[in-house]
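Enquirer: Mind having a look at this structure? Questions to follow.
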Amino acid sequence: MKQLHTTLGPRTADQLGMILPHEHVFVDLRTPDQPGYAEADPADVVRLMAPQIEAIKSRGITALVECSPTGVGRRADCDLAVSQATDFPIVVPTGIYREPWIPAWVSGATEDQIEAWMVRELEERLDEADFRAGWIKLSAGDDGITSLETMILRAAARAAQKTGAIIGSHTIRGRVVMDQLDILASEGLAADRFISIHTQLEPDFDMQLAVAERGAWIEYDNIGTADDAETCDRIEKVLAAGHGHQLLLSHDRGWYDPAQPGGGEPKPYTHLSDVLLPMLVERGVDDATLHQLTHANPFNAFAR
């Protein structure tokens, strides 16, 4: 039976409801060589972020996917502290962000060493907290995937095959996503174990559909930032094209930022529940489809 691997242990589909597949509890967008990078007291993170979690719990949301990997300040210990304080499961990734956020140790590692590190985090525990990673988060350059990013992607493909974990990549251009899918195919990984994160940033909707037609998941994760009517239009076009079972919806919001005084001011994770889903209902999207988009799809993507 497939399970979602979370801060609070594994969860089956019948233990969960609505899941937010792309959010952040903690992010540091400074490069890892900067003073103070990723430094924070977990208690301060709890103070700022627990109210955001309680707000979505009250709306029936049952889990959240943390999307901060190594390179942009992953703090699995802080994720765990927030999770335990709110009794709310969070799915935390292994993986490595893109250049220039790639930590120095990665440049000196071999592909096999990177793969082994990911597998250990997925099967045993994360470096900074004693629970398993739930998935693999990567990224690629806007203008094309670099040789170092390619090495990380190949290592991730092999780790994914060994563990069943899905790979998600912050990749802005559809043509770069296609290159990533080619690399994954050369490693023997099926496209349905890949999420094209930030799909909406590819301006050509036909290219967005082409990614889905390859078999990958596509993700509209700017809800609450983008125009709601335009987002609804895009969702309806994906549904009409027959790819609703591959579509993920989220906000890409939060978060505690250690570069800001007091962690900054988080943006809530509530717009999907409060605004967008009611708009889709008004447009005639039925309950079964909404359940597919908000319950089944996130679980099916991230469970293993």
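The values are calculated or read from the model by the stated rules, or taken from the named source; none is laboratory data. Remember, it's a predicted structure, so these values are computed and weren't measured experimentally. Every residue, glycine as well, gets a Cβ built from its backbone with ideal geometry; the counts of neighbours run over all protein chains shown. Areas reflect the complete protein model, heavy atoms only, side chains present, ligands, DNA and RNA absent. Shrake-Rupley method; radii C 1.70, N 1.55, O 1.52, S 1.80 Å.
Enquirer: Among the residues that make up the stretch 222-234, is at least one of them open to solvent by less than 20 Å² (accessible area, probe 1.4 Å), under 26 Å from G174 (Cα atoms), touching a residue at least 60 places away in the same chain (Cβ under 8 Å) and of a type in the set (V, I, T)?
Expert: No, the conditions are met nowhere in the stretch 222-234.
Enquirer: Scan the stretch 56-84 for residues that are small (G, A, S) and not in a helix (DSSP H, G or I) and jot them down.
Expert: Initial filter on the stretch 56-84 (small (G, A, S)): 58, 60, 63, 68, 71, 73, 76, 81, 83.
S58, G60, A63, S68, G71, G73 - these are the residues of the stretch 56-84 that are small (G, A, S) and not in a helix (DSSP H, G or I).
Enquirer: Could you please find all residues in the stretch 281-297 being under 22 Å from A63 (Cα atoms) and open to solvent by less than 40 Å² (accessible area, probe 1.4 Å)? Let's see the steps before the verdict.
Expert: In the first step, residues of the stretch 281-297 are kept if they are under 22 Å from A63 (Cα atoms); the result is 287-297.
Within the stretch 281-297, T289, L290, L293, T294, A296, N297 qualify.
Enquirer: Give the stretch 7-28 a look and list any residue that's touching an Asp or Glu at 6+ places or on another chain (Cβ under 9 Å) and buried (at least 19 other Cβ atoms within 10 Å of the Cβ), or say none.
Expert: Keep residues of the stretch 7-28 that are touching an Asp or Glu at 6+ places or on another chain (Cβ under 9 Å), which gives 7-8, 21-28.
T7, P21, H22, E23, H24, V25, F26, V27, D28, listed by residue number.
Enquirer: Let me confirm something: among P10, P35, P51, P21, which residue is at pLDDT 95 or above and in a loop (DSSP other than H, G, I, E, B)?
Expert: Numbers: P10 fails: in a loop (DSSP other than H, G, I, E, B); P51 fails: in a loop (DSSP other than H, G, I, E, B); P21 fails: in a loop (DSSP other than H, G, I, E, B).
Step by step, each of P10, P35, P51, P21 is checked, and only P35 is at pLDDT 95 or above and in a loop (DSSP other than H, G, I, E, B).
Every residue, every condition in (1) among the β-branched types (V, I, T); (2) within 26 Å of I235 (Cβ to Cβ), yes or no:
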site: A140; (1), (2): no, yes
site: K162; (1), (2): no, no
site: T171; (1), (2): yes, yes
site: L181; (1), (2): no, yes
site: R214; (1), (2): no, yes
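Enquirer: Still on this model: Show the residue pairs that are 6+ apart or on different chains and have beta-carbon atoms under 8 Å apart, the first residue being within the stretch 200-218 and in contact (Cβ under 8 Å) with a residue 40 or more places away in the chain, the second being part of a loop (DSSP other than H, G, I, E, B) and buried (at least 16 other Cβ atoms within 10 Å of the Cβ).
Expert: Filtered contacts from the stretch 200-218: W217/I166.
Enquirer: State whether one or more residues within the stretch 153-164 are surrounded by 19 or more Cβ atoms within 10 Å (Cβ to Cβ), touching a residue at least 24 places away in the same chain (Cβ under 8 Å) and in a loop (DSSP other than H, G, I, E, B). It would help to see each step written out before you state the result.
Expert: Residues of the stretch 153-164 surrounded by 19 or more Cβ atoms within 10 Å (Cβ to Cβ): 153, 155-160, 163.
Filter once more, so that each one left must be touching a residue at least 24 places away in the same chain (Cβ under 8 Å): 153, 155-160, 163.
Remaining after also requiring in a loop (DSSP other than H, G, I, E, B): none.
Taking every residue of the stretch 153-164 in turn, none turns out to be surrounded by 19 or more Cβ atoms within 10 Å (Cβ to Cβ), touching a residue at least 24 places away in the same chain (Cβ under 8 Å) and in a loop (DSSP other than H, G, I, E, B).
Matching residues to (1) part of a loop (DSSP other than H, G, I, E, B); (2) modelled with pLDDT of 95 or more:
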{"position": "A109", "(1), (2)": "yes, yes"}
{"position": "R120", "(1), (2)": "no, yes"}
{"position": "D142", "(1), (2)": "yes, no"}
{"position": "I145", "(1), (2)": "yes, yes"}
{"position": "L148", "(1), (2)": "no, yes"}
{"position": "V177", "(1), (2)": "no, yes"}
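Enquirer: Tally time: how many residues in the stretch 117-137 are without any contact (Cβ under 8 Å) to a residue 40 or more places away in the chain and hydrophobic (A, V, I, L, M, F, W, C)?
Expert: Residues meeting the conditions: 1.
Enquirer: Of the numbered conditions (1) within 25 Å of V82 (Cβ to Cβ); (2) assigned to a loop (DSSP other than H, G, I, E, B), G242 satisfies every one except a single condition; which is it?
Expert: (1)
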